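Each remark here refers to the structure printed beneath this line.
The values are calculated or read from the model by the stated rules, or taken from the named source; none is laboratory data. As the structure is a computational prediction, the values presented were derived from the model and not from experiment. Don't worry about glycine lacking a Cβ; one is built from the backbone with ideal geometry, like all the others, and counts go over all protein chains shown. The accessibility values were calculated without ligands, DNA or RNA, using every heavy atom of the protein model including side chains. Shrake-Rupley method; radii C 1.70, N 1.55, O 1.52, S 1.80 Å.
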Amino acid sequence: MFSYGGFLQLGVKRLNAWARTDQKRSALSFFTMGSSCSNNLGIPPGNGPNAVGCTDFMMDHTAEGTFFRLYYPCQEMESAEKPDWVPCKEYFNGLADFMKMNRALSERIFNYLFGSFKIPAYLDAPFKSNEKCPVIIFSHGLGAFRTLYSAICAEMASQGFIVASVEHRDQSASATYYFCDKPESERSNASLTKSSGATQQNLVKEWMYYRALRHGESEFPLRNKQVKQRADECILALDKLTEINSGISVQNVLETQFDWSTLKNSMDLCRIAVMGHSFGGATVIEALCKEVKFKCGVALDSWMTPLDDEIFPRVKQPIFFINSEKFQWAGNISRMKKLDSAVIQRKMITIRGTVHQSFPDFTFLTGNWIGKLMKLKGEIDPELAIDLCNKATLAFLQRHLGLEKNFNQWDPLIDGEDENLIPGTNVNLLQSAI
């Protein structure tokens, strides 16, 4: 998500420094709380014809299991709960660690800025669709986690997709968790029962935080190992959805109210795409190479550094690169260009006025001053930018998944035909690819 974390880290450092005096702490509290409660801020809901539900799924409680947030078309709900955007304080702590900030002060800042926001989806709402749903597996960026791209995921679900937003366990997420078995001596007598609650009573939550580069450590070996694990985790999430779709009974380690049996025969498993941002964009390429069930991929402002050059000719599916104007550089674009093909469609557009953080939800949740300070906002209206991204994505998915929808009305966006788009890239590739 943040690539190297530098932009947001700089912004929070400035806020940290500004907030260190007693005089300014109360001002920060008032200012940031005011931002959080503003009627003009919030994650935009989906624009499609379907209401959107979401739920969390974890199968195999260990670090080797799968963990994702599922977005799906649901029944209309008037009074259903919407989940917190950041699920708990450990994720704030993870963001602070990722950006090498003091946890206590950064947690206060993050909580003031973002603590009141909700996901634009109904928690555990009943699934409802009049047709089988195509599937998207979504991969988050470096330092992110499963809930931070809810504007994109909710839009796709509102348009009839089932979307699994994976939370990676490769130590690239700012925070995630799994469970360990309690020692026999600490186990509850309730273990004799079969209920999921009893199962949870005999487990201990274990947090896994971002693993930073060590002093003198080369980046590529770590990131390359991580991108391979990330692709495997995307494939594992797809495997679990396939089991659910076939009607196999699954045990969700998490205590949710969602009825997974309602997803039997709900998915069109001939129409599956993989999508991701930044490190997640690299994960898209790796996953396409490893799994032919993914029919196409959408890579948002992809960070290509983690990938081996040797996999590029082995990727046979169509790919759509949607880039920001401010993040990309010649060396990164040159690696994208290595995927160009005369026979397989590879498309690239750039959204004018965008920054790397124009794709995660952060961009919607800060006012102009804070957003620009923390490099969470570009010059373009963030809702316009994400709308262009989503419409172009939907048009591309219709084309390459063979959908019978009206998304082809946005086909010109695939070729960058809009005043806010650049066909291809704004980066000058004649300069040295550094």
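Before moving on, here are some points about what is shown:
- Against the test of being open to solvent by less than 40 Å² (accessible area, probe 1.4 Å), assigned to a strand (DSSP E or B) and within 30 Å of Trp85 (Cβ to Cβ), the options Thr366, Thr354, Thr350 yield a single qualifying residue, Thr350.
- Selection status of Asp411, within 19 Å of the chain's Cα centre (by Cα), surrounded by fewer than 23 Cβ atoms within 10 Å (Cβ to Cβ) and not in a loop (DSSP other than H, G, I, E, B): no
- Annotation note: of Lys391, Lys377, Lys347, Lys372, the sole residue that is within 13 Å of Leu413 (Cα to Cα) and free of Cβ contacts under 8 Å to residues at least 24 places away in the same chain is Lys391.
- Among the residues of segment 313-334, the ones that are basic (Lys, Arg) and within 15 Å of Gly297 (Cβ to Cβ) come to 2 in all.
- Single match in Gln200, Gln229 (criterion: modelled with pLDDT under 95 and open to solvent by 40 Å² or more (accessible area, probe 1.4 Å)): Gln200
- Hits in segment 386-400 - residues which are open to solvent by 10 Å² or more (accessible area, probe 1.4 Å), touching a Cys at 6+ places or on another chain (Cβ under 9 Å) and not basic (Lys, Arg): His400
- Listed conditions (1) of a type outside the set (Asp, Glu); (2) within 26 Å of Ala273 (Cα to Cα); (3) touching a residue at least 24 places away in the same chain (Cβ under 8 Å) are all met by Gly367, apart from (2).
- Total residues in segment 55-85, condition over 16 Å from the mean Cα position of the chain (by Cα) and in a strand (DSSP E or B): 4
- Candidate set: segment 337-347, residues that are over 23 Å from the mean Cα position of the chain (by Cα) and of a type in the set (D, E, K, R); chosen: the one surrounded by the most Cβ atoms within 10 Å (Cβ to Cβ): Lys337
- For Cys133: the one exception among (1) modelled with pLDDT of 95 or more; (2) open to solvent by 10 Å² or more (accessible area, probe 1.4 Å); (3) more than 27 Å from Gln357 (Cβ to Cβ): (2)
- Scanning segment 113-153 for residues that are part of a helix (DSSP H, G or I) and under 11 Å from the mean Cα position of the chain (by Cα) yields Ser150, Ala151, Ile152, Cys153.
- Just one of the listed residues (Glu383, Glu404, Glu379) is open to solvent by 10 Å² or more (accessible area, probe 1.4 Å), more than 19 Å from Phe321 (Cα to Cα), part of a helix (DSSP H, G or I) and not basic (Lys, Arg), and it is Glu383.
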